[in-house]
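S.K.: Got a structure for you, written out below as structure tokens; questions coming shortly.
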Amino acid sequence: MVKIEEVTVIDAPAERCFDLARSVEVHLLGNVHNGEQAVAMGGAVTGLLGRGDLVTWQARHFGLRYRLTSQIMAYHRPVYFQDAMRQGPFRSMTHDHFFRRLPDGRTEMKDIFSFAAPVPVAGPVVEKLVLRRYMRELLRERNRVIREVAESEEWRRYVEA
């Protein structure tokens, strides 16, 4: 099992950052290079995700098309939510999202992303040599997009004021 922690400081209120992090459309902005899309599989395909919501993502990684269905398992606006894989290419995957208002008004967004490779025998090698770096870069790209949207007026397109 791999655990990745990332901290991003955003010059915007925690409520805005929280909402942007659960926006299907903002998620897709950060994954455009993989052809990612939310597909209608009995879950959400647009909007802000909330407790219990399911979303199925389809994207191309390592030259192959994958589908991953995740669900919002915990939800405490504006400080925390967790999504977890319900079906997809990993043995397991959870993503904890924490939001903390800093004294200067900015927000610390902390991600704890944990996953296990799909193949038990080769899993630890694949996790350490390939997937850890790849998933960290995807997470950093997502966080960069959230920060850029939150710190501009563009956030209004995705979140009600």
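S.K.: How many of the residues in segment 95-117 are not in a strand (DSSP E or B) and not aliphatic (A, V, I, L, M)?
M.R.: Final tally of qualifying residues: 4.
S.K.: Report, by residue number, each residue of segment 129-158 that is modelled with pLDDT under 90 and over 20 Å from residue 63 (Cα atoms).
M.R.: If the condition is that a residue be modelled with pLDDT under 90 and over 20 Å from residue 63 (Cα atoms), then no residue fits.
S.K.: I'd like to check something: does segment 56-76 contain any residue that is of a type in the set (Lys, Arg), at pLDDT 95 or above and either in a loop (DSSP other than H, G, I, E, B) or more than 21 Å from residue 154 (Cβ to Cβ) (or both)?
M.R.: Checked against the condition, which is being of a type in the set (Lys, Arg), at pLDDT 95 or above and either in a loop (DSSP other than H, G, I, E, B) or more than 21 Å from residue 154 (Cβ to Cβ) (or both), segment 56-76 yields no hits at all.
S.K.: I need a count of the residues in segment 9-55 that are closer than 24 Å to residue 132 by Cβ, at pLDDT 95 or above and either in contact with a His (Cβ under 7 Å, 6 or more places away or on another chain) or crowded, with 18+ Cβ neighbours inside 10 Å (or both).
M.R.: 1
S.K.: Counting only residues that are of a type in the set (D, E, K, R) and modelled with pLDDT of 85 or more, which one in segment 105-128 is nearest to residue 89 (Cα to Cα)? Let's see the steps before the verdict.
M.R.: First, pick out the residues of segment 105-128 that are of a type in the set (D, E, K, R): 106, 108, 110-111, 127-128.
Then drop every residue that is not modelled with pLDDT of 85 or more, which leaves 106, 108, 110-111.
Values: 106: 36, 108: 30, 110: 24, 111: 20 Å.
Only one residue tops the list, namely 111.
S.K.: Which of the residues that make up segment 56-89 are surrounded by fewer than 17 Cβ atoms within 10 Å (Cβ to Cβ) and among the aliphatic types (A, V, I, L, M)?
M.R.: Across segment 56-89, the qualifying residues are 64, 73, 74, 79, 84.
S.K.: Residues being touching a residue at least 60 places away in the same chain (Cβ under 8 Å) and assigned to a strand (DSSP E or B): count how many of those fall in segment 77-94.
M.R.: 2
The values are calculated or read from the model by the stated rules, or taken from the named source; none is laboratory data. Because the structure is predicted, anything quoted here is derived from the model rather than measured. Here the Cβ is made from the backbone with ideal geometry for all residues, glycine too, and neighbour counts use every protein chain on show.
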